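This report refers to the structure that appears directly beneath it.
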Amino acid sequence: MSSTVAVRFTAGTMSESRREAHLAGRPAPDTNPDFWETYCGIHIPAEIAEVSDRPAGMPCMACMMRLPAAGGFAVDARGS
Ligand SMILES: [Zn+2]
């Protein structure tokens, strides 16, 4: 299971140019975080966050640079 998910602002909440795909650590199962804390340090409120197992759109370079070496981006074959 990948320990990293892609998080970005949902469409309409932010200009398209600011909707980079940030990366965040996957929360523990059965928990619903109030916000996502990305690796680059921004907080995205859960109600306006689009979360996926793969980055969609422009990746956030600051997040990519902070990607944990061990966690990596692996496709989670279990689906979600
Ligand atoms: Zn970022």
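The values are calculated or read from the model by the stated rules, or taken from the named source; none is laboratory data. Please read these numbers as outputs of a predicted model, since none were measured by experiment. A quick note on method: Cβ atoms are made from the backbone with ideal geometry, for glycine too, and the neighbour counts reach across all protein chains shown.
Here are some notes:
- Residues of the range 5-35 satisfying the condition of being surrounded by 13 or more Cβ atoms within 10 Å (Cβ to Cβ) and not in a loop (DSSP other than H, G, I, E, B): VAL5, ALA6, VAL7, ARG8, PHE9, ALA21, HIS22, LEU23, ALA24, GLY25, PHE35
- Pair list, Cβ under 8 Å, 6 or more apart: the range 38-51 residue in contact (Cβ under 8 Å) with a residue 40 or more places away in the chain, other residue more than 8 Å from the ligand (Cβ to nearest atom) and among the basic types (Lys, Arg): ALA49/ARG8; GLU50/ARG8
- Selected residue (only one of ALA28, ALA21 is modelled with pLDDT of 85 or more and either of a type in the set (Phe, Trp, Tyr) or in contact with a Gly (Cβ under 6 Å, 6 or more places away or on another chain) (or both)): ALA21
- Residue that is nearest to the ligand (Cβ to nearest atom) [pool: residues in the range 31-53 that are among the aliphatic types (A, V, I, L, M) and within 13 Å of VAL5 (Cβ to Cβ)]: ILE44
- A Cβ distance below 6 Å, combined with a sequence gap of six or more or placement on separate chains, defines the contacts here; from the range 58-79, residues that are at negative phi and modelled with pLDDT of 90 or more reach residues that are surrounded by 13 or more Cβ atoms within 10 Å (Cβ to Cβ) and of a type in the set (S, T, N, Q) in the pairs CYS63/THR38.
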